[in-house]
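The values are calculated or read from the model by the stated rules, or taken from the named source; none is laboratory data. Every value quoted in this text rests on a predicted model; they were computed, and no experiment measured them. Don't worry about glycine lacking a Cβ; one is built from the backbone with ideal geometry, like all the others, and counts go over all protein chains shown.
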Amino acid sequence: MIAGELYQPGDVELVRDRARNQDIQRRYNTTIVSDSAERKSILDEWLGSHSEGCALRAPLHMDYGYNVHLGRDVFLNYGCVLLDVCTIRIGDKTQIGPYVQILTADHPRDGATRDTGQEFGQPIEIGRNVWIGGGAIILPGVTIGDDAVVGAGAVVTKSVPPETTVAGNPARPLVPRPVRD
């Protein structure tokens, strides 16, 4: 699964891992901001890795949690969804708005393979100091470069170069307008 190969989501081990994740997720999602020590303890148990200064607003939803890796001072606002069947890496000082979806999970395009119930995924990499506006959707396999901006509601289907602002569905680079005197 993590390698991006086809897998059966009903595999006994994966079902067990998702059940464990749901228990941890329920505990985290009943905390409030002032429960900082409890939140840190839960994040230590839940995530693959996280650095100092991370602020993750509840509710937060993930498939497994252990495939999520967060740099320093990462902020996730309320209601984010991280489908982490593959690795999700988010760089230092990245800020993610409410209800953003980061989706590594994918499905075969051909009907015969899809009919077998198999799925696959592709990792997502989000660089340093990125700002992702509320309600944006990041699709499987996307890389977002350092200092990029993703506009609210954008659907990011392709990788975003560093220092680029994208918006729309599908997300496209915005061309800076000239400054007028």
PHE75 fails exactly one of (1) surrounded by fewer than 16 Cβ atoms within 10 Å (Cβ to Cβ); (2) closer than 20 Å to ILE137 by Cβ, namely (1)
- Query: Mind checking whether some residue in the range 41-50 is hydrophobic (A, V, I, L, M, F, W, C) and within 27 Å of ALA154 (Cα to Cα)?
  - Reply: yes
### Query
Do we find that ILE42 is surrounded by 13 or more Cβ atoms within 10 Å (Cβ to Cβ), more than 24 Å from PRO162 (Cβ to Cβ), out of contact with any His (no Cβ under 8 Å at 6 or more places or on another chain) and among the β-branched types (Val, Ile, Thr) in this structure?
yes
Exercise. Taking the stated definitions as given, is ARG89 assigned to a strand (DSSP E or B) and farther than 20 Å from GLY79 by Cβ?
Worked result: yes
Residue hits (the range 108-132; closer than 20 Å to MET1 by Cβ and either charged (D, E, K, R) or crowded, with 17+ Cβ neighbours inside 10 Å (or both)) are ARG109, ASP110, ARG114, ASP115, GLU119, PHE120, GLY121, PRO123, ILE124, GLU125
Okay, strands (runs of 3 or more DSSP E) sitting entirely in the range 95-181 with 1 or more residues that are within 30 Å of ASP11 (Cα to Cα) and at pLDDT 95 or above, I get 101-103, 124-126
